[in-house]
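The values are calculated or read from the model by the stated rules, or taken from the named source; none is laboratory data. The structure presented is a predicted model; accordingly, all values stated were derived computationally and were not measured. Neighbour counts run over all protein chains shown; Cβ positions are idealised from the backbone, glycine included. The protein model used for the area step is the full one, side chains on, heavy atoms only, and it has no ligands, DNA or RNA in it. Shrake-Rupley method; radii C 1.70, N 1.55, O 1.52, S 1.80 Å.
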Amino acid sequence: MNKNYKRKLQRLRHQRYVQRRVIKHRLSKRNKNIQIIQKNNKSTTVKSPVLNCLDRNEFATKDVTKSNLVTIDIPKIFCLSKNPDESILFLRVLYNHLMNPIVTAIHFNHFTCEYMGVCASTIMDIIIMECIEWRKKSGLTIQVSGNVKNNKISDNEEVDALVKMSGLLNHLHIYHGNNNNVEKLELIRNGDSSKVAELSIQYLQRSLRRHGRKLNKLGVNLFSTFLGEIVDNCKLHGGENAVWYTLGHYSFDKESNLGKCKLCILDFGDTIYESLKNCGKKKILKKIDHYVKKSWFSFRSVRDTETLYTLFSLQQRVSRIIDKNVTRGNGTVTFIESFLNLFNTNNPNYKSVLSITSGKCSILFDGKYKMVEKSFKKGYSNKIIAFNEQNDLSIEPNSSYVRTLNNGFPGTVISMDLYFDSKYLKGVQ
């Protein structure tokens, strides 16, 4: 081995040694910074109820991100009614990035999205806004940006309008333009049920006027009851520290003279399953547990305890605050019946859809299955909706309507796409 070769080999070894030392030093310095940030966050920065709820339920994924810049593609179908599992997983990944002190910039790509639900969009925005606020208080900054082509953030007109007018660009005060084909109900946080109903009706009336219609007196009364029951359920069953929101978005298509009222009500708090499981009412729990155990043996697809609890909670006389001397447990029944009546157009092209996503359970209402009064041998009757042709809770529900998810949402989300029955409408004079 000649001397020149030995020198080259020694020089190469020395360079590799120096590189390893530099990398090790950088990693050590970054890890120390992260430890200091995490220590400061724990000791000085109090998280909001929303973030506490997400952390308590271990909502963030466990992926480790080492890059300062993260690029995120919005799912093709970002909707809790149509694609709940992938949508919630996306939100979990996003939350992980937002809470990672290494990440200083997030770049969104909406061009991958072909359909966006109002609820999925709203949850994403709330999580982003809450995290930005927390990071500011913790001395951390984060930059939010996105792809833009020809002044559009999506090739899909509905997605573009939703994000700009009622979504992320609106909530972060980035977009200040106007869209004459959109009506909206701005995001409401922890509003009084009567005020929410009033503002929601105003939003619906503005939307219906585009078709020369408005709700008649009966329609207004039914919708007020419908909204009131949903809001009261959020307050009663979400737990002491629950935070709930309402948002509406309507997009009018001039060419087809069509439009759909979209409304979202959600809370970060206890799930329906947690609310019932922790109610302390032995009679109710014994009844539900008996139903669940029977279902384990007879059902093939729907065999999850949380899903079965949630399904049973929809039936009449089941409520965590049921009392022998007070008629309770009918609030959920009321808003389900109101939905099935108020928004039943009997037209397959204009089908209203309501979905309930709570924990790892997703339940879909589109009018196919009705709530029907059923008599029992013991001499009493209950209103039942079992999501099967026989309307029998002992028979497995249609798994397309009652689904168990891999990814759970820490709270309850009620998503609505609404068309009104003509008998609750009248012409605008």
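Data for the structure
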{"item": "Residue in segment 180-189 that is touching a helix residue (DSSP H, G or I) at 6+ places or on another chain (Cβ under 9 Å), basic (Lys, Arg) and closer than 28 Å to residue 427 by Cα present", "result": "yes"}
{"item": "Qualifying position, being under 22 Å from residue 339 (Cβ atoms) and at pLDDT below 85, among 184, 195, 262, 235", "result": "235"}
{"item": "Members of segment 67-91 that are in contact with a helix residue (DSSP H, G or I) (Cβ under 9 Å, 6 or more places away or on another chain) and of a type in the set (Lys, Arg)", "result": "76"}
{"item": "Any hit, segment 87-104, residues being free of Cβ contacts under 8 Å to residues at least 60 places away in the same chain, over 20 Å from residue 247 (Cα atoms), of a type outside the set (A, V, I, L, M, F, W, C) and in contact with a Leu (Cβ under 8 Å, 6 or more places away or on another chain)", "result": "yes"}
{"item": "Filter pass, residue 195 being open to solvent by 10 Å² or more (accessible area, probe 1.4 Å), among the basic types (Lys, Arg) and outside any helix (DSSP H, G or I)", "result": "no"}
{"item": "Among the candidates 425, 340, residue that is open to solvent by less than 30 Å² (accessible area, probe 1.4 Å) and more than 15 Å from residue 84 (Cβ to Cβ)", "result": "340"}
{"item": "Filter result for residue 311 (under 16 Å from residue 396 (Cα atoms), crowded, with 17+ Cβ neighbours inside 10 Å, aliphatic (A, V, I, L, M) and modelled with pLDDT of 80 or more)", "result": "yes"}
{"item": "Among (1) surrounded by fewer than 18 Cβ atoms within 10 Å (Cβ to Cβ); (2) more than 23 Å from the chain's Cα centre (by Cα) - the single one residue 232 does not satisfy", "result": "(2)"}
{"item": "Residue 48 being modelled with pLDDT of 95 or more and open to solvent by less than 100 Å² (accessible area, probe 1.4 Å)", "result": "no"}
{"item": "Selection from segment 132-182 of residues that are exposed (fewer than 14 other Cβ atoms within 10 Å of the Cβ), part of a strand (DSSP E or B) and small (Gly, Ala, Ser)", "result": "145"}
{"item": "When residues of segment 263-295 are limited to those that are in a helix (DSSP H, G or I) and among the aliphatic types (A, V, I, L, M), the one farthest from residue 404 (Cα to Cα)", "result": "284"}
{"item": "Residue within segment 202-221 that is under 19 Å from the mean Cα position of the chain (by Cα) and open to solvent by less than 50 Å² (accessible area, probe 1.4 Å) present", "result": "no"}
{"item": "Looking only at segment 377-406, and only at residues there that are open to solvent by less than 20 Å² (accessible area, probe 1.4 Å) and farther than 30 Å from residue 208 by Cβ, the one that is modelled with the lowest pLDDT", "result": "382"}
{"item": "Single condition residue 280 does not satisfy, out of (1) of a type outside the set (A, V, I, L, M, F, W, C); (2) modelled with pLDDT under 85; (3) over 30 Å from residue 189 (Cα atoms)", "result": "(3)"}
